[in-house]
Every structure is written in C-alpha cells, then in structure tokens.
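The values are calculated or read from the model by the stated rules, or taken from the named source; none is laboratory data. As the structure is a prediction and not an experimental result, all values here were calculated from the model. Note that each Cβ is placed from the backbone with ideal geometry, even for glycine, and that neighbours are counted across all protein chains shown. The area values use the complete protein model at the heavy-atom level, side chains included, leaving out ligands, DNA and RNA. Shrake-Rupley method; radii C 1.70, N 1.55, O 1.52, S 1.80 Å.
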Amino acid sequence: MTRVSDEQGQDLYFIQESRKEDGSFYAILPQAPPLGKERTINVEYAGDKVLEEAGEGSFYVGARTSWYPNLNGFGEHVLFDLTFKVPKRYTVISVGKLQAESIERDLAVSHWVTPTAVAVAGFNYGEYKKLDIPDEITGYKISGYYLTELPSNLRNRPALRSLAPHAMTKYALEQTRAQLQLCNFYFGKLPYDEIHITEQPDFNFGQSWPNLIYLPISAYTDSTQRWLLFGSINDKFTGFVQEVTPHEVSHQWWGHAVGWASYHDQWLSEGFAEFSAGLFLQQGVAGDWRKDYLDFWERLRKRILEKNDYGVAPNDAGPLWMGRRLGSPRTENAYQNVTYPKGAYVLQMLRSMMYDPNEKDKPFIAMMHDFVENHRDRPASTESFKAIAEKHMTKLMDLDKNSRLDWFFDEWVYGTQVPKYHFEYQLAGGDSGNVKLHMTIAQSQVDDHFSMLVPVYADFGKGMIRIGQIGLAGNTTRNVDFTLPSQPKKVALNAYKEILER
Ligand SMILES: [Zn+2]
C-alpha cells in the first residue's frame, strides 16, 4: 500500500504489516460512517506476487482473491469496474463484459464491467488466441482462450507435443457448450450471457469465477488422447479429467448464480457441482454413458466410505453439514471426500426419489429451477434448500406424513448412517403371459428410525429400466411382489448406484 484517501483526496490512515507476517489491509476512517450512506475510499498499491511466468507465454495467476481490495471475499456481492493495462503481446480475460479495448504505446488496455454484482473479481492472463463457438440453444456467447505453446513444465511429455491447440480448444468448448445446455435445462438461466473459457498451465486443477472459467490443460484432451497419456493406470486422474470441465462449468450456477451462506452450506456448491458432472456423464457426450456414469458414482461412493490408514473413513468424521470442520489429523481429507461426493449423493438421492416413470426428471427439474430463482439475491443455506425440496417433494417421499423432509436431511446431511442392502429375487410365469417377480430386500447397519426409498431396475434386453421404488424402515427384511409384462434378463436393486450404500 502506498496511499489511501477519501472522497476529498484527504489522506486516511491505514494498517498493513509485512507480507510475511499479517499482510491484511485495513483503512481507518476518522469517525464511524453513518449507516446506509455510501462512501468512497481510494487505494493506491502495487505488488508482484500475482503473476508467475510458466514459460512460452503462459502464466500462473496466483493470489486470486486478494490482489484487489475487497470486503469479506466470497461473502459480499458487488459490482466491479476494471481497467487492465498489460504488455500488448498478452491478453487479459476478466470477469464481466469487455467494454472497450485500445493500445497505449506498448500496452494493451482493456476495460471490463460486471453486469451484475458478483462474489469475486478474477482474471486470466497469457499469450492467448481466441476461438468463439455459437450456442443457438441457450444463447450464451462462449469464447475460448488458448495457448499455442505448451508451458515449460509439460514440454518434456512427448504425447502432449503432438496435440493441436486449436482442435483441443474446440473440444473443450464443445464440452463446455454441452454442459451449459444441460445445466440451463436442469437448473435455469444464468444471470449473465457471456462465458469465457481460459486455459491455465496447471495440469490437475480448475476453477470457476463469475462468467470466467480456468481449465487445466488436461481438460483439453479427448478420451483417445487421455488413453495415450495416462492409459488406464490411474483411474482417479482419468476421473478428474472427465469431470473437471462439467464440474467447473456448473459452478456458474453453484457458487456464482447461487452462493452459500456459511461453511456449513458449501456442499450446496461443491456437492452440486460434483452432481452436475455426473449428470453430464449420464448424457454420453464423452462416450459410453452406462460405464462412465456407473464408474462415476462408484468413485464417489469409495471416496466417502474407504477407510484411511487410521481405519477412519471420511464419512466417519462427521455429518456433511460440518463442512471444513470434518478435517483433523486423523481425517485429513474428510472435508473434500464428504463435501464433494456426499453432497452430490444427497442431490442424486433426492432426484432418484422424485423420479417419475412418466414425467421422468420433471419434478426434480422444477425443484432445481425454483432453488436457483429463490436464491438470486440471497445465499443458500442447508435449511433454505430443504424448504424448497419440501415444496417439491412427492407423496411417496412424505414418510412422516407431515410434508417435511426432516427424516431425509437428518439421515444424510445431519447424520452419518449409511445402509447396507441385500437383494434376492425369483421369477415365475403368471397368468396371461405375465411374469411374477418375487423380491426379498434387506436393509441393515442402520438404526430403527432410518428409512429410505430404493429403486428397483429390470433389464428387458435394452439395458436397466426402472420398475419401482421400495420403502425400507430400520434394520429390516421385506418381501415384495411385482408383476412384469415379460421375462427380464436381470433384476437389480439400486442398479445405477444412485442411493449411497455400503
Ligand atoms: Zn468445485
């Protein structure tokens, strides 16, 4: 900081200690400002810790939320008006809309304004080329900014050297467009119409800002290139690469269109983004949907339930609602391995229970649109989401006959129980060509109050089709009979792993 002044240009006192101690900045007003009255302060400062060269015209953009003065980071939504001046071979892509561009001597000047109040102001920077793709279905303007050369850390990978940046960018943009269309259909319209997709030199990390997305280079590789690069050795990493684009794109809804009230509610951002990646894989945009979709939910299930070296599974660390407080020396990754995958499972289980054989996802879609609409001007909390879910729940879900979902949220959001299921069935010919299906379903490893609705599927030769839901309460075994129109090849409980089970 070099100077802080008020509206009249009078110097104000400020505090900023050394960067290595407590670099936070505070301005001191001569007296408490009157409530509700707007005030302006001017801040002059400089720094060299935001950009780090990654070679060949690419940069790491660090200090992402702290390079500019702001109140409470993600906690406050404000309008931004930003002007950037950079060496003219480089391009800045910021949040907001580009208002004007010009050249001043050796500097490229760009002016960006956010059309709506946003949580954070970010930018990306590099020697970029630009590629636009139209989206006639949603009307979003999608622009991709890509690097033509590989950053220094990746130049020694021969398999990457042969990749064509333009074609790779087209691939990443098509994935983005497909996910924007899907999210628009399932969740409703975004508060802005431009989406900037930018490449960053990292290989295994992406991030989403209001209408600005950072994708790692790995997200630009298609399934064939991925196989060449990683083979099938590292399931976790191929999973990450498959999920990163749809996950980050969906953060435009989860985190930006809808914020979260406190760390308790961050699962509504990360869990919902994770869920949205699963929704994407289910569409088969990227290949064999049945395999990708099943692998996805199995990957999530394992993350939640697999024990670490101390014999503790992330799920054992505590309820989803605990958020960041799940982490401890004995449960180091519990925050990531509960908030993301279990948050996704909670939404998927609601979707499963709301599924209607005729209307399919329609009731679920209505709930999600309502949720987004309802939180345009206020952050979402676990309870505000629950209220929306209760408004849209089906009759079958009303287990306590009180129009409440306390039972479901107590089990899955405020509790840690996970049921185990055992399933057996017999088929026998019925009258008039019907087939009689007799099922025995057992639920165990839960307390007497634990209830759940679990879907049953049958394969009549065209893949698993949902034939009904079965309600189970406590540690119990139920016998259930269905009549089927013809002989199935197979019958299975929870065939697509949409209910979290041990
Ligand atoms: Zn995320």
Practice prompt. Give me the orientation-averaged projected area of the Cα convex hull of the stretch 263-412, in nm², one decimal.
Written response: 9.9
Worksheet, complete the sentence: From most to least accessible, 1.4 Å probe, no ligand or DNA/RNA atoms counted, LYS386, LYS307, LYS129 line up as LYS307, LYS129, LYS386
Item to complete: Report Rg (one decimal) and Dmax (nearest whole number) for the stretch 328-416, counting Cα atoms only, units Å.
Response: 14.4, 49
Worksheet, complete the sentence: Phi-derived 3J(HN,Hα) across the stretch 133-146 with the Karplus relation (6.51, -1.76, 1.60, θ = phi - 60°), rounded Hz, x for Gly and Pro, is 10, x, 9, 5, 6, 9, x, 5, 9, 9, 10, x, 10, 9
Practice prompt. In nm, give the distance between the simple-model label positions of LYS395 and ARG330, each being 7 Å from the Cα along the Cα-to-Cβ direction.
Written response: 4.8
Fill in: Principal-axis tilt of helix 289-305 within the chain, Cα atoms, nearest 10 degrees
80
Response to the item:
Rh_Kirkwood(the stretch 47-250) over Cα pairs, Å, one decimal, evaluates to 17.7
Worksheet item: What lysines sit close enough to LYS189 to cross-link, taking a C-alpha to C-alpha distance under 23 Å and skipping anything fewer than 8 places away on the same chain?
Response: LYS97, LYS141, LYS360, LYS362, LYS386, LYS391
Worksheet entry | the stretch 269-349: equivalent-ellipsoid semi-axes (sqrt of 5 x gyration tensor eigenvalues, Cα, Å) | 25, 13, 8
Worksheet entry | With all protein chains modelled, accessible area of THR477 [1.4 Å, Å²] | 90
Worksheet, complete the sentence: Stokes-Einstein, Kirkwood over Cα pairs, the stretch 171-323, 37 °C, 0.692 mPa s; D in µm²/s equals 201
Worksheet entry | Per residue, in Å², the accessible surface of the stretch 263-412 once ligands and nucleic acids are set aside, probe 1.4 Å | 43
Worksheet item: What number, in percent, do you get for the relative contact order of the stretch 1-46 if the mean sequence gap of Cα pairs under 8 Å and at least 6 apart is divided by its residue count?
Response: 49
Worksheet item: Over the Cα atoms of the stretch 390-502, what is the Rg over Rh ratio if Rh follows Kirkwood?
Response: 1.01
Discussion item. At 1.4 Å probe size, what's the solvent-accessible area of TYR45? Round to the nearest 10 Å².
Written reply: 100
Worksheet item: At a 1.4 Å probe, what is the % contribution of carbon and sulfur to the accessible area of the stretch 1-116?
Response: 50
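Starting from the Cα coordinates of the stretch 1-91, work out the convex hull volume and express it per residue in Å³.
150
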Worksheet item: What's the angle, to the nearest 10 degrees (0 to 90), between helix 341-354's Cα axis and the longest principal axis of the chain?
Response: 50
Worksheet item: Which translational diffusion coefficient, to the nearest whole µm²/s, is obtained for the stretch 79-177 from the Stokes-Einstein equation, given a Kirkwood hydrodynamic radius over C-alpha pairs, 4 °C and 1.567 mPa s?
Response: 84
Fill in: Mean separation of Cα contacts under 8 Å (6+ apart) over length of the chain, as relative contact order %
9
Worksheet item: Expressed in nm to one decimal, what extension gain is obtained for the pair LYS85 and GLU383 from 0.36 nm per residue of sequence separation less their Cα-Cα distance?
Response: 102.8 nm
Practice prompt. Over the stretch 263-412, with every protein chain in place, what whole percent of the accessible area is carbon and sulfur at 1.4 Å, could you tell me?
Written response: 48
Worksheet, complete the sentence: Once phi for every residue in the stretch 478-487 is put through the Karplus expression 6.51 cos²θ - 1.76 cosθ + 1.60 (θ = phi - 60°), the whole-Hz ³J(HN,Hα) values, with Gly and Pro written as x, are 10, 9, 10, 10, 10, 10, 10, x, 8, 6
Worksheet item: Is the shape of the stretch 67-137 rounded, prolate or oblate, going by the alpha carbon gyration tensor and its root eigenvalues a ≥ b ≥ c, with a/c under 1.5 for rounded and a/b larger than b/c for prolate?
Response: oblate
Discussion item. Show me, bin by bin at 10 Å from 0, the whole-percent P(r) of the stretch 1-46 based on Cα pairs.
Written reply: 23, 51, 22, 3
Item to complete: Please calculate how many Å² of accessible area the stretch 67-165 carries per residue, with a 1.4 Å probe and no DNA, RNA or ligand atoms counted.
Response: 55
Response to the item:
the chain -> Rg/Rh from Cα coords, Kirkwood Rh, value 1.01
Worksheet item: So what is the relative contact order for the stretch 263-412, in percent, with contacts set as C-alpha pairs under 8 Å and at least six apart?
Response: 25
Item to complete: Give me the number: length gained by fully extending SER5 to THR40, i.e. 0.36 nm times residue separation minus the C-alpha to C-alpha distance, one decimal in nm.
Response: 11.7 nm
Practice prompt. Express the Stokes-Einstein translational diffusion coefficient of the stretch 1-153 in µm² s⁻¹, to the nearest whole number, given a Kirkwood radius over alpha-carbon pairs, 10 °C and a viscosity of 1.306 mPa s.
Written response: 87
Discussion item. Straight-line reach from LYS236: which lysines fall under 27 Å, measuring Cα to Cα and dropping same-chain residues less than 8 apart?
Written reply: LYS170, LYS291, LYS302, LYS307, LYS342, LYS420, LYS497
